[in-house]
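Trainee: Can you keep this structure in mind? I'll have questions shortly.
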Amino acid sequence: MTNRMQSEMEEADILQEIRDAGLNLGMPAGGYSDRILKRLQEEARNKRLKLPGKVRRPLFARRMIAVTVASAMLCAGIVGSGFVSPVMAAALRNIPVVGGLFQDVGKSGLKKASEAGLTTVPEQQDAQDEITITISEVAYDGIRLSMAIEREGAEGLNMVNRDRVEEHPAKGYLGYPEMYLGDTKIGYRTRTLNEIASTDQAGKVGFSDKILIAEFENLSRTDGGDIPDDFEMRVLIPVTGIEQPYEFVIPVKKMLNGITLSPEKSQSNDEFAYTVQKVILTPAMTKLIVDTKGFAPDAGPLPKGHKLSAVHFEIINEQGEGVEQEYTTFEHGLPPVMSHSEETYAPFDQRPKKLIIKPYAFIIGSDWLPVLDENGNDSKVYYDDLELKIDVKL
């Protein structure tokens, strides 16, 4: 065994080491390896996600065994426990463990959370009438619940009915999931079904017909109780053309180390005022809750046909490092005089000591979109006199 390279390791050798390590860690004989073998068989049966425009090289069976075993052993804490041979441990550490789908198709915050092991990967699957639905990965940071949902058996069909065909829609469109904690329905304030952009072999941009990400913010129980940090959730997903909803029971675990700041600090000039009500920092996102009054302050002469957008906000830390905003909306017309908004950004890599809120406005063209500068970036006007500093205190 000590002279074998990783590529020469046989399945029997791997499984024997797992059995030995499992016994030394107090696991039932055969039980752990049996679960791994069952998982391998499931992987062999399941056709994994293939996004249009991407080519993935096939993996040999032995490679798949090694990757799956590595994942299982790392999760169980067997590698590094001293109960596997040095060669086995070294080989497993050199195998790239397959991550969750958020690492491939999620927003930057979901990617970071998945890479840090802060998500759950239930791989729960239900099949009806030749269509299979899988909940592949779940993230919950106490504010937003995200689910990566895969579909097989309806290739070429969008994941959601974007054309809003009400009468006799095609079979296979996904509707909004319903969520339950026991028998109690889980409510939410906002919900979205985010389709994943992709390109086909000809380079045409469209949406994936295999995966979407469902997101829900500010969960609540309809019986008034609290949402626990760690729970099992029953999920029902309706699909057009299928009589019964697809049903799943998935584990949900809240990410730790999130904080909520309530500074209620304001800044203003003669034309514009705003108040930062809250800033929420989690491992998966940064959220700014702000009230505004007035219009973007005058920025001097603008070219004919150009105008200023509503005021938006950047957030940077004490090192001058910013976080990317998830999305920005533009009004087709004058922005409202008063607004209450919740802006979502990527998470900071490290918890900041200080936050600096930087108000700005886009220069908008006749098409109601930002004008590009000479470098191809959106043209912006910053208002240094309206900057606001917030100390991050626990």
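Trainee: Can you name the number of the only condition in (1) of a type in the set (D, E); (2) touching a strand residue (DSSP E or B) at 6+ places or on another chain (Cβ under 6 Å); (3) assigned by TED's automatic domain parsing to the domain that holds E137 that D209 fails?
Mentor: Looking at each condition in turn, D209 falls short on (2).
Trainee: Among the residues that make up segment 236-245, is at least one of them crowded, with 19+ Cβ neighbours inside 10 Å and farther than 30 Å from S339 by Cα? Break it down into steps so the answer makes sense when it comes.
Mentor: Quick first cut of segment 236-245, residues crowded, with 19+ Cβ neighbours inside 10 Å only: 237, 239.
If we keep only those that are farther than 30 Å from S339 by Cα as well, we get 237, 239.
Yes, segment 236-245 has at least one match.
Trainee: Looking only at residues that are surrounded by 12 or more Cβ atoms within 10 Å (Cβ to Cβ) and touching a residue at least 24 places away in the same chain (Cβ under 8 Å) in segment 373-390, which one is nearest to P263 (Cα to Cα)?
Mentor: Here is the first cut: in segment 373-390, the residues surrounded by 12 or more Cβ atoms within 10 Å (Cβ to Cβ) are 378-383, 386-390.
Filter once more, so that each one left must be touching a residue at least 24 places away in the same chain (Cβ under 8 Å): 381-383, 386-390.
On the way: V381: 25, Y382: 22, Y383: 21, L386: 16, E387: 14, L388: 11, K389: 10, I390: 7 Å.
The extreme case among them is I390.
Trainee: So, one more: Kindly indicate the residue of segment 210-260 that is among the charged types (D, E, K, R) and part of a loop (DSSP other than H, G, I, E, B) and also nearest to M285 (Cα to Cα) among those meeting that condition.
Mentor: Our first condition is that a residue be among the charged types (D, E, K, R); within segment 210-260, this holds for 210, 215, 217, 221, 223, 226, 229-230, 232, 234, 243, 247, 253-254.
Applying the additional criterion that residues be part of a loop (DSSP other than H, G, I, E, B) yields 223, 226, 229, 243.
Details: D223: 28, D226: 22, D229: 18, E243: 37 Å.
Top of the filtered list is D229.
For every residue, the table says whether it meets (1) without any contact (Cβ under 8 Å) to a residue 40 or more places away in the chain; (2) small (G, A, S).
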| site | (1), (2) |
| --- | --- |
| A116 | no, yes |
| D126 | no, no |
| R144 | no, no |
| E155 | no, no |
| R164 | yes, no |
| H168 | yes, no |
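Trainee: Let me ask something else. Got a number for residues in segment 342-367 being loosely packed, with under 13 Cβ neighbours inside 10 Å and small (G, A, S)?
Mentor: Adding up the residues that qualify gives 1.
Trainee: Ok, one more. Pick from S379, S309: which is in contact with an Asp or Glu (Cβ under 6 Å, 6 or more places away or on another chain), over 23 Å from G109 (Cα atoms) and of a type in the set (G, A, S)? Give the steps one after another, and end with the answer.
Mentor: Working: S309 fails: in contact with an Asp or Glu (Cβ under 6 Å, 6 or more places away or on another chain).
After ruling out the rest, the residue left standing is S379.
Trainee: Would a scan of segment 113-135 turn up a residue that is among the β-branched types (V, I, T) and within 20 Å of Y327 (Cβ to Cβ)?
Mentor: Taking every residue of segment 113-135 in turn, none turns out to be among the β-branched types (V, I, T) and within 20 Å of Y327 (Cβ to Cβ).
Trainee: Yes or no: segment 266-279 includes at least one residue that is under 20 Å from the mean Cα position of the chain (by Cα), closer than 27 Å to I363 by Cα and among the hydrophobic types (A, V, I, L, M, F, W, C). Let's see the steps before the verdict.
Mentor: Applying the first criterion (under 20 Å from the mean Cα position of the chain (by Cα)) to segment 266-279 yields 279.
Checking the rest, the ones that are also closer than 27 Å to I363 by Cα come to 279.
Right, trim to among the hydrophobic types (A, V, I, L, M, F, W, C) and you get 279.
Within segment 266-279, one or more residues are under 20 Å from the mean Cα position of the chain (by Cα), closer than 27 Å to I363 by Cα and among the hydrophobic types (A, V, I, L, M, F, W, C).
For every residue, the table says whether it meets (1) modelled with pLDDT under 95; (2) of a type in the set (S, T, N, Q); (3) out of contact with any strand residue (DSSP E or B) (no Cβ under 6 Å at 6 or more places or on another chain).
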{"residue": "F216", "(1), (2), (3)": "no, no, no"}
{"residue": "Q277", "(1), (2), (3)": "no, yes, no"}
{"residue": "E314", "(1), (2), (3)": "no, no, no"}
{"residue": "N317", "(1), (2), (3)": "no, yes, yes"}
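Trainee: Same structure again: Please give the strands (runs of 3 or more DSSP E) falling wholly within segment 282-394 in which 3 or more residues are of a type outside the set (D, E) and more than 26 Å from the chain's Cα centre (by Cα). Steps first, answer last, please.
Mentor: On the way: elements: 286-294, 307-317, 338-345, 354-364, 380-382, 388-391.
Fully inside segment 282-394 and qualifying: 286-294, 307-317, 354-364, 380-382, 388-391.
Trainee: Answer with yes or no whether D385 is out of contact with any Leu (no Cβ under 8 Å at 6 or more places or on another chain) and closer than 24 Å to G320 by Cα. Lay out the reasoning, then the answer.
Mentor: On the way: out of contact with any Leu (no Cβ under 8 Å at 6 or more places or on another chain): yes; closer than 24 Å to G320 by Cα: yes.
Answer is yes for this residue.
Trainee: Would you check if L281 is farther than 19 Å from I390 by Cα, in contact (Cβ under 8 Å) with a residue 60 or more places away in the chain and either surrounded by 14 or more Cβ atoms within 10 Å (Cβ to Cβ) or outside the structural domain of V381 (by TED's automatic domain parsing) (or both)?
Mentor: Working: farther than 19 Å from I390 by Cα: no; in contact (Cβ under 8 Å) with a residue 60 or more places away in the chain: yes; either surrounded by 14 or more Cβ atoms within 10 Å (Cβ to Cβ) or outside the structural domain of V381 (by TED's automatic domain parsing) (or both): yes.
Spelling it out, it is not the case that L281 is farther than 19 Å from I390 by Cα, in contact (Cβ under 8 Å) with a residue 60 or more places away in the chain and either surrounded by 14 or more Cβ atoms within 10 Å (Cβ to Cβ) or outside the structural domain of V381 (by TED's automatic domain parsing) (or both).
Trainee: Kindly establish whether P370 is surrounded by 17 or more Cβ atoms within 10 Å (Cβ to Cβ), modelled with pLDDT under 95 and either more than 23 Å from T192 (Cβ to Cβ) or touching a Lys or Arg at 6+ places or on another chain (Cβ under 9 Å) (or both).
Mentor: On the way: surrounded by 17 or more Cβ atoms within 10 Å (Cβ to Cβ): yes; modelled with pLDDT under 95: yes; either more than 23 Å from T192 (Cβ to Cβ) or touching a Lys or Arg at 6+ places or on another chain (Cβ under 9 Å) (or both): yes.
Criteria met by P370.
The values are calculated or read from the model by the stated rules, or taken from the named source; none is laboratory data. Predicted model, so just to flag it, every value in this text is computed and none were measured. As a convention, Cβ positions derive from the backbone with ideal geometry for all residues, glycine included, and neighbour counts pool all protein chains shown.
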